[in-house]
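Here is the structure we will look at, set down as structure tokens.
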Amino acid sequence: MRLKSDHFGTVTRVARESASEVWAVERDARSARWWVRPLAYRLARREARALLVLTEMPGVPKVLRYEPGLLVRSWTNGDPMQAARPRDPRYFGEALGLLRRMHRAGVAHNDLAKEPNWLVTPEGHPALVDFQLALVSRHRGRLFRTLARDDIRHLLKHKRSYCPDRLTQREQHILATPSLLSRLWMSTGKKLYTFVTRRLLGWADREGAGDRSWKGQDN
């Protein structure tokens, strides 16, 4: 089943013969438009690298196969955040723990403002998808620490939307103090990003949300 098709290639849900993996997700950048194909390949490579670092971590897909331009990863059962609308504060506590473990492993997701990248599993636990923009850093330098903090801040923004009365004072302080990189992005970079994605590529800000709107799909 094709989940998404755009200038950067296709994303398809495919059946697996393995008893432990009923479904998988295949991201194929080989069909990308020629003028964005190098970038599409790079994004697939970034996602594969991040997932391989996190291979034993619950709540994160596993790489089943990777070759240049083609990534096959495990399927995660769950609904996207904007469909599940989690109201249980335990979900956000577990999500924060997931982020901290991920950051300790040297991976910053870097795209968690998008609700479709957060899943709520059938058991009510958090899971993450779409690591194309992830940063992997062995030494976790200043840029990594900034992006990791922004990961947490984006989670807290979602918590503010669904559980506003459960925000702590420290969490409110984090929300009130965006990083310099985040402020620069909002004032300059986001405008260019919006122009390119909406006008040139035909995306929306919640790209992928429609694909993830039905029960059990993670894209």
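Here, each number is a calculation from the coordinates, and none is a lab measurement. Remember, predicted model here, so these are calculated numbers, not experimental data. Glycine gets a Cβ as well: all are built from the backbone with ideal geometry, and neighbour counts include every protein chain shown.
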>> As I understand it, the dipole of segment 1-147 uses +1 on the Cβ of Lys and Arg and -1 on the Cβ of Asp and Glu, about the Cα centre. Which of Gly9, Leu39, His125 lies farthest toward its positive end?
In response: Leu39
> In sequence order, what are the phi-derived ³J(HN,Hα) couplings for segment 156-161 according to the Karplus relation 6.51 cos²θ - 1.76 cosθ + 1.60 with θ = phi - 60°, rounded to whole Hz, with x for glycine and proline?
Replying inline: 5, 5, 5, 4, 4, 6
> Suppose R0 equals 35 Å; then what is the FRET efficiency for Thr12 and Ser161 from their Cβ-Cβ distance, rounded to the nearest 0.05?
Replying inline: 0.70
> Modelled label-to-label distance, Arg142 and Gln82, 7 Å Cα→beta-carbon offset: nm?
Replying inline: 3.5
> Over all distinct alpha-carbon pairs, what is the Kirkwood Rh of segment 79-200 in angstrom?
Replying inline: 15.2
>> Under a Cβ-only charge scheme (Lys and Arg +1, Asp and Glu -1), can you give me the dipole magnitude of segment 1-68 about the Cα centre, in debye to the nearest 20?
In response: 300
> In bins 5 Å wide, starting from 0, what share of all Cα pairs of segment 2-74 does each bin hold, as a percent?
Replying inline: 4, 18, 25, 24, 18, 8, 3, 0
>> Need one number: nm distance between label points at Lys4 and Ser31, each 7 Å from Cα along Cα→Cβ, rounded to one decimal.
In response: 1.5
>> If you average the alpha carbon positions of segment 55-71 and of segment 125-145, how far apart do those two centres end up, in angstrom?
In response: 14
